[in-house]
Amino acid sequence: MRTAVGSVIALIFAGSPGLAQSPEQSPLYSPLKQIHRGNAARLVKAWQYDSGDEFKASEIQCRPLVIDGVLYATTPKLRVVALDGATGKELWSFDPFFGKPVTSKQRSRGFMHWNERLYFGAGHQLFALDRKTGKLVEEFGVHGRVDLRQGLGRDPESQRLQMTSPGVVYNGLLIVGFLTSEALPSSPGDIRAYDARTGQLRWSFHTIPHPGEPGYETWPTDGWKTLGGANSWPGLTLDEKRGLVFVPTGSAAFDFYGGNRPGDNLYANSLIALNAATGKHVWHFQFVKHDVWDRDLPTAPVLVTVKREGRTIDAVAQCTKSGHVFVFNRETGESMFPLQTVQTPASPAEGERLSPTQVLPVKPEPFARQQLTETMLTSRTPEARVSALKRFRTYRSGPQFTPPSFEGTVIFPGFDGGAEWGGQAYDPETGLLYINSNEMAWILRLVPQGGGERRSTASRLYSRHCATCHREDRKGTPPEFPSLLNLEGKNVEEVIRKGAGRMPGFAFLGDAGVRALTGFVRTGGDKEVELPAPRASREVQLKYRTDGYNKFLDEDGYPAIAPPWGTLNALNVSTGEYAWRIPFGEFPELAAKGMKNTGTENYGGAVVTAGGLLFIGATNHDRKFHVFDKRSGKLLWEALLPAGGNATPVVYEVRGKQYVAIAAGGGKSGAPAGGAYVAFALP
């Protein structure tokens, strides 16, 4: 039997969050039980590895891979390091940027493994390394790498994408997705399979269907040529026994206004079951039709088993940013719980045609609150409440699918969920699915923008092309969208012209437009410029943009809603009932004043074990690593990390001793950044 990691023991303890053959072999479930309920309180730090790579905007989102006692991980600058799993000693290191300075946020959430090779993404490249030496595998692609911009049917040099999450391996195929811009221009989100030995492309599935393909009629006639998104960035899930790969996709670009993409936009915002050998469509379910709320599927789905009337049904569970859990029969796509159709109000934006209906599950009930009301606003201080109430009354707040508006629509849960990229852990012993969730409100406001004029000013170019992410004041929302102030020493013009990471390039503005925009970003200086004639293949003109990514916070920077601001939930996937639900995380400075267990934003997932434990870091501000009783949710132990543990831990064994390790990279929501891995064990 061939598996994605070469051995069952490695598959159990490591790999991509969604990779699995069965729930018992899920990488987020460990059969190890040397550490258990009775002794977890005795855990101590076994070792700490400090990469030295951290910088102001850095994070670590990597879940390590452990094979034969060696732990493989990435640093904030995406160096791959091999560490002795028992001591943390570095064995080798590989730099995918080959010495070039790295000062912007980089993401890698883990590895694929096949035939003694490690595969991982850095920027737009898929690398293959010899896992024992850290050297590039020359026979793979071009000198050990594949350029993922190739083969998308568009000019490769104009594509901006990143492979941030590992794919899956099936019978010698590497099946992968990628992250791309959620603004335009954007790459189409093709799902692709590469030969694990040579790097040759073996199949592609078009998530924006081409003429003659099912779903083509849900897009504009030529949309497949110019539109982008509908990509799978959080990782894929493999049912190896059935030869099925489950693909969660995100929204079409632009993700807040779709006047240029009328229709339901299949296969955006969908879970797609594909034949892993051929890439052929088996079934799909679309969660949001014609998305304008940034409701990407944020996490790889999880393989579960559902018990019904004495039968056991193999199922797949998908959690959403909106706080819902959908459970489907793996083979047929049939929902395991009733679904309901809800009406969607019309959009106030000219040219926008929303789907009149959407679908939500009747059960399980959402794991996050669904609609913000005045009674749910903060009471942290009287002043904070008065301020929140005043602002809230200027916004539009309604149930899920309340359209974006010009006064500002409350998105609750927010753009980061609900569920987020860390993923969920499933326990085959209890049948519980463990979900950590954010409960934050964000404000989505549409603003008009000009478009198509041959003459423009630098400030209008900035407003049209940059302000959605970096804000009108150029302060951004770091670290996801960095500030554009104080950019001395940065090659701003080159980045604007060519793009970087998932940011598209704007060479279509012409030399004069690029130079004017560069000057405005650097100094705020304005000037009028003559622009090239727009072409649909280069630039899509939209009537509206948003005014940025805005959390609903009080004047002191805390959420302007009542707690909990983050939760941890245990859901029985057979009954649809919750076994327990608790606030998750806290702000140390508020806890010191008696405001404890508020919950906080949390990023990263959990691992559940046969020892009765749930291991999870994730909480942004308290920097804690936690161990909970998986049956009751009782906190058994916690430790302070050098920075926030915004990643998913790994449980493994070396020479008969059990360890649990997690990245301590911090950097989320303004928290201090770090660059360490920390492992714990019994003394």
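Derivation of every value follows stated rules applied to the coordinates shown; laboratory data play no part. Quantities reported herein were computed from a predicted structural model and do not represent experimental measurements. As a convention, Cβ positions derive from the backbone with ideal geometry for all residues, glycine included, and neighbour counts pool all protein chains shown.
Tabulated results
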read-out	value
Fully extended contour minus Cα-Cα distance, from Asp222 to Ala592, at 0.36 nm per residue	127.4 nm
Alpha-carbon gyration tensor eigenvalues x 5, square-rooted, for region 363-411, Å	22, 17, 6
Calculated SAXS-style log₁₀ I(q)/I(0) at q = 0.11, 0.21, 0.23 Å⁻¹ - region 180-258, Debye, Cα scatterers	-0.33, -1.03, -1.14
Packing-based order for 643-653, 121-131, using average beta carbon neighbours within 10 Å, highest first	643-653, 121-131
Gain upon complete extension [Thr312, Ser632; 0.36 nm per residue less C-alpha separation]	112.8 nm
Normalised alpha carbon radius of gyration of region 118-159 [divisor 2.2 N^0.38 Å]	1.27
DSSP bridge pairs, the chain: antiparallel proportion in percent, nearest 5	95
Cross-link reach list, lysines versus Lys624, counting only Cα pairs under 18 Å and skipping chain neighbours closer than eight places	Lys45, Lys596, Lys634, Lys668
Normalised alpha carbon radius of gyration of the chain [divisor 2.2 N^0.38 Å]	0.90
Links that overshoot a 23 Å alpha carbon limit, given the list Lys241/Lys307; Lys321/Lys593; Lys321/Lys551; Lys225/Lys321; Lys77/Lys135	Lys321/Lys593; Lys225/Lys321
Label-point separation in nm, Glu577 to His36, each point 7 Å along Cα→Cβ	2.8
Under the Debye formula (equal points on every Cα, no solvent term), log10 I(q)/I(0) of region 339-425 at q = 0.11, 0.12 Å⁻¹	-0.41, -0.49
Rg(Cα) / (2.2 N^0.38 Å) computed for region 556-670, rounded to two decimals	1.11
Region 90-156-region 599-644 distance, computed between alpha-carbon centres (Å)	31
Where labels lie 7 Å past Cα in the beta-carbon direction, separation of Glu116 and Leu201 in nm	3.1
Mean Cα-pair separation over length for the chain, i.e. relative contact order, pairs under 8 Å, 6 or more apart, %	15
